[in-house]
1. Would you be able to tell me the number of residues in the range 232-254 that are without any contact (Cβ under 8 Å) to a residue 24 or more places away in the chain and assigned to a helix (DSSP H, G or I)?
2. Mind listing just one residue for me: the one in the range 205-230 that is assigned to a loop (DSSP other than H, G, I, E, B) and either among the β-branched types (V, I, T) or more than 7 Å from the ligand (Cβ to nearest atom) (or both) and, of those, most open to solvent (accessible area, probe 1.4 Å)?
3. Please tell me if W161 is near the ligand (Cβ under 10 Å from one of its atoms) and under 22 Å from R245 (Cα atoms).
4. Go through the range 181-212 and give me each residue that's within 12 Å of R53 (Cβ to Cβ) and not small (G, A, S).
5. I'm trying to understand the selection: among the residues of the range 187-201, which are surrounded by 24 or more Cβ atoms within 10 Å (Cβ to Cβ) and within 16 Å of the ligand (Cβ to nearest atom)?
6. Looking only at the range 15-34, decide whether some residue is of a type outside the set (K, R), in a helix (DSSP H, G or I) and open to solvent by 80 Å² or more (accessible area, probe 1.4 Å).
7. Scan the range 415-451 for residues that are in contact with an Asp or Glu (Cβ under 8 Å, 6 or more places away or on another chain) and aromatic (F, W, Y) and jot them down.
8. Please specify each residue of the range 254-296 satisfying the condition of being among the hydroxyl-bearing types (S, T, Y) and either at pLDDT below 95 or more than 20 Å from N100 (Cα to Cα) (or both).
Amino acid sequence: MSDTILAVDETALLERVQAPEGQGRPILDAATRAPLGRAPEHTVHDLDDAVARARAAQPGWDALGHEERRALLLAVADRIEAEAEPLARLLSREQGKPLNGPNARFEVGACSAWLRATAATPLDPEVVVDDGEVHAELHYRALGVVGAIGPWNWPLMISIWQIAPALRMGNTVVVKPSEYTPLSVLALLSVMNEVLPADVLIGVSGDREVGARLASHADVDKVMFTGSTATGRRIVEASAGNLARLTLELGGNDAGIVLPGADPAAIAQDLFWGAFINTGQTCAALKRLYVHDSVYDDVVDALAGVAAQMPMGPGLDESNVLGPLQNRQQFDIVARLVDDARSDGARVVTGGAPAEELGELFYPITLIADATDGQAVVDEEQFGPVLPIIRYTDVDDAVARANRLEQGLGASVWGDRDTARQVAARIQAGTVWINSHGGVHPMIPFGGVKGSGYGLEFGAEGLKAVSAPQVING
Ligand code: NAD
């Protein structure tokens, strides 16, 4: 019964944001490849207009003060909760992730949770010197206009990660969603804008050219970017012109190290979701698993056992917890990496060929045993349902291999906690999880090192990142 009602609600949300009939760019349902809607095609001129409006609205928004902005962020969280099911359904259809499992409903829930946590986070002025002669305080002021540029894998949650702290600190925000998932982001912004004052939060649905214009715009003070390392480099170059401050959350190729003595049966489920959350299309997912020789075969078997129990299929089917790749480009990357590993002598334990019976962009969970460093499936970010598993005999060697690539987003160590913490300290990554992988928390700073970018999101550090520090001395 509720299905009919929900379908109507989801259509209403879509109608609010999509381009008029006969206009816009077609967006397909990721699972069925049937037409889903029409993405508005905003131009660089529209972007300029959006930045000008956001600039004009910023002083008024800043003048509201923290208490009022906090109250508005909480009201926005309430509105998102009220629209959670249609938002999740639209997200599921456009992005592909199932409603259930750690997927679409989970992502929409995270949006309101992050808004609430961001509203609650204190950021008081700090007294930095007070010695009788000098009294100096560090305050955090608004920067102005923040440009938020996002990817297609967790489009709603990552947009909120960029928007919530920026708004909280008195900035206005112009959002440029990925061209693959614009409709669900525009729908989210439309729900948020039922509560927010005009022009405080503006979405511009355009291509890479529009993103490039936002990053280089003279009237943008800060760019929050989540996406690939290659695009991140272009944004750094653009910032030479406008001197915009940057937070860059870029690609990852997270290593996990399973220590001797680890219990394969006990860790298999968490290893699985660490690697395959959102069908592997996650920046800080486990993408290379180094397993000690003494437990190697048992870990591979235990992971294959978990994989066999996880249903994959269209996201709106309540029984599924794994979905399709979001787009053809990513599907082709995954297929190429698996074929390459197989022809290089790696052993495909499960999966290994497109799941054509499920639909055009479905690729099954693929575990690749006897993988080696240097193979493309290990060295390149798969961003899909593939996990190479590499055998090692010496922990120092495993650490060196974990550190050998350009990326440094996340990593994990599995086994005895004290030993694992010592190993963790030697890994070059922004976060090292012990006996889990990929969990994020609104109060725990998150960010990468090396090729995975710079700057922190979440908690007080995240608020500072969208603020202009000002010293009051005297
Ligand atoms: P992408 O870099 O191709 O695109 C990201 C966004 O940048 C899109 O909105 C795109 O339109 C825009 N863009 C493209 N060229 C631009 C330019 N020159 N200037 C400004 N904007 C431009 O990335 P993607 O394929 O959408 O996302 C996948 C990548 O994102 C993966 O590498 C993944 O690891 C990474 N990612 C990182 C995190 C993190 O938190 N570190 C989170 C999610 C995804």
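1. The first filter runs over the range 232-254 and keeps only residues without any contact (Cβ under 8 Å) to a residue 24 or more places away in the chain, leaving 233-234, 236-237, 240, 243.
Still in the running and assigned to a helix (DSSP H, G or I): 233-234, 236-237, 240.
Here the count works out to 5.
2. From the range 205-230, those assigned to a loop (DSSP other than H, G, I, E, B) are 205-207, 217-221, 227-228; that's our starting set.
Within this subset, residues satisfying the condition of being either among the β-branched types (V, I, T) or more than 7 Å from the ligand (Cβ to nearest atom) (or both) are 205-206, 217-221.
Values: S205: 5, G206: 12, H217: 32, A218: 93, D219: 58, V220: 3, D221: 45 Å².
It comes out as A218.
3. On the way: near the ligand (Cβ under 10 Å from one of its atoms): yes; under 22 Å from R245 (Cα atoms): yes.
When the stated conditions are applied, W161 passes them.
4. Those that are within 12 Å of R53 (Cβ to Cβ) and not small (G, A, S): P197, D199, V200, L201, I202, V204.
5. L188
6. The initial filter retains those residues of the range 15-34 that are of a type outside the set (K, R), namely 15, 17-24, 26-32, 34.
Checking the rest, the ones that are also in a helix (DSSP H, G or I) come to 15, 17.
Now restrict to residues that are open to solvent by 80 Å² or more (accessible area, probe 1.4 Å): 15.
Yes: the range 15-34 contains one or more residues that are of a type outside the set (K, R), in a helix (DSSP H, G or I) and open to solvent by 80 Å² or more (accessible area, probe 1.4 Å).
7. Answer for the range 415-451, where residues must be in contact with an Asp or Glu (Cβ under 8 Å, 6 or more places away or on another chain) and aromatic (F, W, Y): just F446.
8. Of the residues in the range 254-296, the ones among the hydroxyl-bearing types (S, T, Y) are 279, 282, 290, 294, 296.
Result: Y290, S294, Y296.
The values are calculated or read from the model by the stated rules, or taken from the named source; none is laboratory data. Since the structure is predicted, the reported quantities are computational estimates derived from the model, not experimental observations. Don't worry about glycine lacking a Cβ; one is built from the backbone with ideal geometry, like all the others, and counts go over all protein chains shown. Accessible surface is based on the protein model in full, side chains and every heavy atom, while ligands, DNA and RNA are left aside. Shrake-Rupley method; radii C 1.70, N 1.55, O 1.52, S 1.80 Å.
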